[in-house]
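Chemist: Below you will find the structure I want to go over with you.
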Amino acid sequence: MSAALFSSLLHFSKLLGFALVIVGVFISGVFWSKKLPQSPPIPEHHGERSTILPNPEPEDFFPVAEFRQQSAILLGAYDRFQTNPKLYLDIARAIDKRVPLFGLVNSEAAAIAARKVFQRAGMPEGSMYFVPLPANTVWIRDYAPFFVRREDNSVFMIDAKYQSRHSREIRTRDEEMANTLADLLDLRIRSIPLIIEGGNFLSNGDGTIFTTSKMVGLNKEFRFNEEILGDLINDYFGVRHWIYTPSLESEPTGHLDMFGAILAKNIMVVGHIDPAVDPENSRRLDAAAEYFARAPTSLGPMQVFRIPMPTKSGEYWRSYTNIILANGILLMPSFSDVAPAIEDAAEAVYRNLLPGWEIKKIDCDSLVSGEGQLHCMSYNLPKYVSIDGLLKKAGVERRKDREPRIQSVRIQ
């Protein structure tokens, strides 16, 4: 590396406000890379209580990719449902029972009240099931556990620490939710001694995960450096590569899902901001897009496409990458005061990259002040996880004539 180039990179690192070691990782390529043995083929599984579906694709061995087939989607409802039931009605209408939806609430009384709202709105039975699963906030993506499956067909969940020790003391139900969910799904759960927030942990289902460098900073509290973090991520999740980039300046969550989304194992979208509007974050996004394009996949380097970022609403950030992927349906946030041309351009990106998928907009004005959108409030269950326990908790009698309809869609 020439002295001039190094000087420029050092200047860039000072602008970003990150330690040189982080920027060194940022410019050098894949930070963590470790080859794993190839997984053997999975035999067809027969049994009365199976959580494994027959003949899964190899990607299912890695942390779940959201563009893959799903058995259900959980939505954080809680207090948000009381103040804006229309949001959940809109989501249910858009999904149209393509995949079972479960709205999570704090009590059985709240579940009964939510069912009545859906009935009064004329929604068909099974549009959304409501399950008492106490939590402090609707942002289930960040505190819910992760799914992992090993070569021996065993499926279990990994529960990471959530935020700082102080936050865990305040939001105890968020922290404890993982154990309750594991019981409902009849899965074992394993704890990892790291802070990992789901909105900042995106998998391409092909052995690579993507985060922002916020995850590095959060885990310094536990004296974990990048090498130890990489070892633990590899050991617990079985991934081959961990790639991270600086988060957006002044964006409070620090999460990747506020400016990035993975649509296939070799396709990713990254936000774009006009440099005349926000030069610093425009530079960060351009650099992130260039960096992610060097990520390895089994189909070659990651293909990165740019998508416009909506303007901020006052001090609050908004995003078109904070999406829900639901078995061939993509739900994209929509904002009433954003120019239609910008929203149309964002929608066009998804339509071009996902032929055969339905792209539907959901009004997210009410979520903006909570510093999250659709991805933050949702949680995907992979196709090989049984939802029997959730249905029972929702008061649904499991009969063949009332089997939740999961429409099969070919997803690459």
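Every number in this text was worked out from the coordinates using simple rules, so none of it is lab data. What you see is a predicted model, and the numbers here were worked out from it, not measured in a lab. Cβ sites come from the backbone with ideal geometry, for glycine too, and all protein chains shown count toward neighbours.
Chemist: Counting other beta carbons within 10 Å of each Cβ, put Thr321, Thr311 in order, fewest first.
Modeler: Result, fewest neighbours first: Thr311, Thr321.
Chemist: Further question: List the trypsin sites (Lys or Arg not before Pro) in the range 194-276 that DSSP assigns to loop (not H, G, I, E or B) and whose Cβ has at most 14 other Cβ atoms within 10 Å. Which are they?
Modeler: In loop regions of the range 194-276 (DSSP not H, G, I, E or B), the sparsely surrounded trypsin sites (Lys or Arg not before Pro) are Arg223.
Chemist: Would you please give the residues with an amide H less than 5 Å from that of Ile196, counting only those at least 5 places away or on a separate chain, with H modeled from the backbone geometry?
Modeler: Hits under the 5 Å cutoff: Lys161, Gln163.
Chemist: Taking +1 at the Cβ of each Lys and Arg and -1 at the Cβ of each Asp and Glu, which of Phe156, Leu353, Gly370 sits farthest along the dipole of the range 31-402 towards its positive end, judged by Cα position relative to the Cα centre?
Modeler: Going by the Cα projections, it comes out as Phe156.
Chemist: At Asp365 and Thr180, where each label point lies 7 Å from the Cα along Cα→Cβ, what is the point-to-point distance in nanometres?
Modeler: Roughly 3.2 nm, to one decimal.
Chemist: Another question, if that's okay. Given R₀ = 30 Å, what would the calculated FRET efficiency be for Asn106 paired with Phe305, taking r from the Cβ atoms and rounding to 0.05?
Modeler: It comes out at approximately 0.15.
Chemist: Further, regarding this structure: Place a +1 charge on the Cβ of each Lys and Arg in the range 31-402 and a -1 charge on the Cβ of each Asp and Glu, then give the dipole magnitude about the Cα centre in debye, rounded to the nearest 20.
Modeler: Dipole of the range 31-402, to the nearest 20 debye: 760 debye.
Chemist: Moving on to the next point. Place +1 on the Cβ of every Lys and Arg and -1 on the Cβ of every Asp and Glu in the range 31-402, take the dipole about the Cα centre, and give the residue among Val105, Phe305, Leu325 whose Cα lies farthest towards its positive end.
Modeler: So the residue furthest toward the plus end is Val105.
Chemist: Using a/c under 1.5 as the rounded threshold, could you call the range 31-402 rounded, prolate or oblate? The axes a ≥ b ≥ c are square roots of the C-alpha gyration tensor eigenvalues, and prolate needs a/b larger than b/c, oblate otherwise.
Modeler: The shape class here is rounded.
Chemist: Hey, another quick one. How much length is gained on full extension from Gln82 to Lys312, taking 0.36 nm per residue of separation minus their Cα-Cα distance?
Modeler: Length gained, Gln82 through Lys312: 80.2 nm.
Chemist: Sticking with this structure for a sec: Answer with one residue from Thr212, Leu89, Ser250: the one whose Cα lies farthest towards the positive end of the charge dipole of the range 31-402, charges on Cβ with Lys, Arg +1 and Asp, Glu -1.
Modeler: Result: Leu89, furthest along the dipole toward the positive end.
Chemist: Separate question: By average Cβ neighbour count within 10 Å, what is the ranking of 368-378, 81-91 from highest down?
Modeler: 368-378, 81-91
Chemist: Short version: ³J(HN,Hα) in whole Hz for each residue of the range 178-187, in order, from phi by Karplus 6.51 cos²θ - 1.76 cosθ + 1.60 (θ = phi - 60°), x for Gly and Pro, what are they?
Modeler: Whole-Hz 3J(HN,Hα) from phi for the range 178-187: 4, 5, 5, 5, 4, 5, 5, 8, 6, 10.
Chemist: Another one. What order do you get for Ser313, Ser71 when you list them from fewest to most C-beta neighbours inside 10 Å?
Modeler: Taking fewest neighbouring Cβ atoms as first place, the list is Ser313, Ser71.
Chemist: Let me ask something else. Hey, can you grab everything whose amide H is under 5 Å from the amide H of Ser213? Only 5+ residues off in sequence or another chain; H modelled, so Pro and N-termini drop out.
Modeler: Amide H to amide H, under 5 Å and 5 or more residues apart or across chains, Ser213 pairs with Thr245, Ser247.
Chemist: Among the listed pairs Lys97/Lys393; Lys86/Lys360; Lys116/Lys161; Lys265/Lys312; Lys214/Lys265, which are separated by more than 27 Å between their Cα atoms?
Modeler: Lys116/Lys161; Lys265/Lys312
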